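The structure under discussion appears below in the form of structure tokens.
Only the coordinates and a few stated rules stand behind these numbers; no lab work does. If you're wondering where the values come from, they're calculated on a predicted model, not measured in any experiment. In this analysis, Cβ positions are derived from the backbone assuming ideal geometry, glycine residues included, and neighbour counts consider all displayed protein chains.
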Amino acid sequence: MMCRVWMLGLAILMLAGCEQDMANQPRYEAYEAAPGWKHNQSALQPVPGTVPRGASLGPVPEDLPMPLTLDLLERGRQRFDTYCSPCHGRTGHADGMVVQRGFPAPPTLHSERLRSVALRHFYNVISNGYGVMYSYAARVPPEDRWAVAAYIRALQLSQHAAPQDLTEGLRAQLEGTP
């Protein structure tokens, strides 16, 4: 019995004396040279084909993978106003507050080129970034990216609708005829 107490005391003493934890251990700082490692680098590139945690392994569809509803468009508008309008402006004309303060203007969402791209293009740009725009994949979940893409298409249609695209009732309302 005395031997067990003595061994338990020794184990507690040994653990109390060990103050090396994850924050207090030998390690390399970011970008520090690491002799003995490949190319003398401690931060290595991921293995080719590495997939980020939580990434979808399926192909990204060309078109909206969910039903187009008013709720989806409203969700897209809300996300667009939050994440996109600082640069793109609330109407997509690249006149957001960040641009007004001197940041380079993004392309207008109403250009002929962007009106003719597949909806997937907007999803990919939100996911991966493009040019000066960084990726919003960490901030905007995939379902909301599709909602924003659908809302962008609605914005484009609202600015470039032809009278013959409207119903008779809406056309009469616009023209002011009963």
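For this structure, a couple of remarks:
- Two-decimal log10 I(q)/I(0) for region 71-136, as the Debye equation yields it once each C-alpha is a single scatterer, q = 0.23 Å⁻¹: -1.14
- Phi to ³J(HN,Hα) by Karplus 6.51 cos²θ - 1.76 cosθ + 1.60 over region 62-75, Hz, x for Gly, Pro: 6, 10, 3, x, 9, x, 7, 10, 4, 4, 5, 5, 5, 4
- Note that region 43-48 has calculated 3J(HN,Hα) couplings of 9, 9, 5, x, 4, x Hz, one per residue in order, obtained from phi through the Karplus relation 6.51 cos²θ - 1.76 cosθ + 1.60 (θ = phi - 60°); glycine and proline are x.
- Coupling constants for region 94-100 follow from the phi torsions by the Karplus curve (6.51 cos²θ - 1.76 cosθ + 1.60, θ = phi - 60°), and in residue order they are 6, 10, x, 4, 5, 5, 5 Hz; glycine and proline get x.
- q = 0.08, 0.17 Å⁻¹, the chain: log10 I(q)/I(0) [Debye, one scatterer per Cα]: -0.49, -1.12
- Gyration tensor over the Cα atoms of region 31-95: the corresponding equivalent ellipsoid has semi-axes (square roots of 5 times the eigenvalues, largest first) of 41, 20, 9 Å.
- Magnitude of the charge dipole, the chain, Cβ model with Lys/Arg +1 and Asp/Glu -1, debye to 20: 300 debye
- Within the chain, helix-based [θ] at 222 nm, where runs of 4 or more DSSP H residues each add -39,500 (n - 2.57), nearest 500: -12000 deg cm²/dmol
- Fully extending the segment from Leu8 to Tyr31, taken as 0.36 nm per residue of separation minus the present Cα-Cα distance, adds 3.9 nm.
- Taking amide H atoms as placed 1.01 Å from N in the peptide plane, the amide H of Gln41 lies under 5 Å from those of Ala34, each 5 or more residues away in sequence or on another chain.
- Share of pairwise Cα separations in region 81-178, more than 22 Å, in percent: 36 percent
- Full extension of the segment from Ser158 to Ser56, taken as 0.36 nm per residue of separation minus the current Cα-Cα distance, would add 33.5 nm.
- What the Cβ-Cβ distance of Ala138 and Gln100 gives, at R0 = 22 Å and to the nearest 0.05, is a FRET efficiency of 0.25.
- Here the relative contact order of the chain, from alpha carbon pairs under 8 Å that lie six or more residues apart, stands at 18 percent.
- Applying 1/(1 + (r/R0)^6) with r as the Cβ-Cβ distance of Glu74 and Asn40 and R0 = 41 angstrom yields a FRET efficiency of 0.15.
- Mean-position separation - Cα centroids, region 50-86 and region 105-140, in angstrom: 12 Å
- Point-charge dipole on Cβ atoms (K/R +1, D/E -1) for region 33-80, about Cα centre, debye to 20: 300 debye
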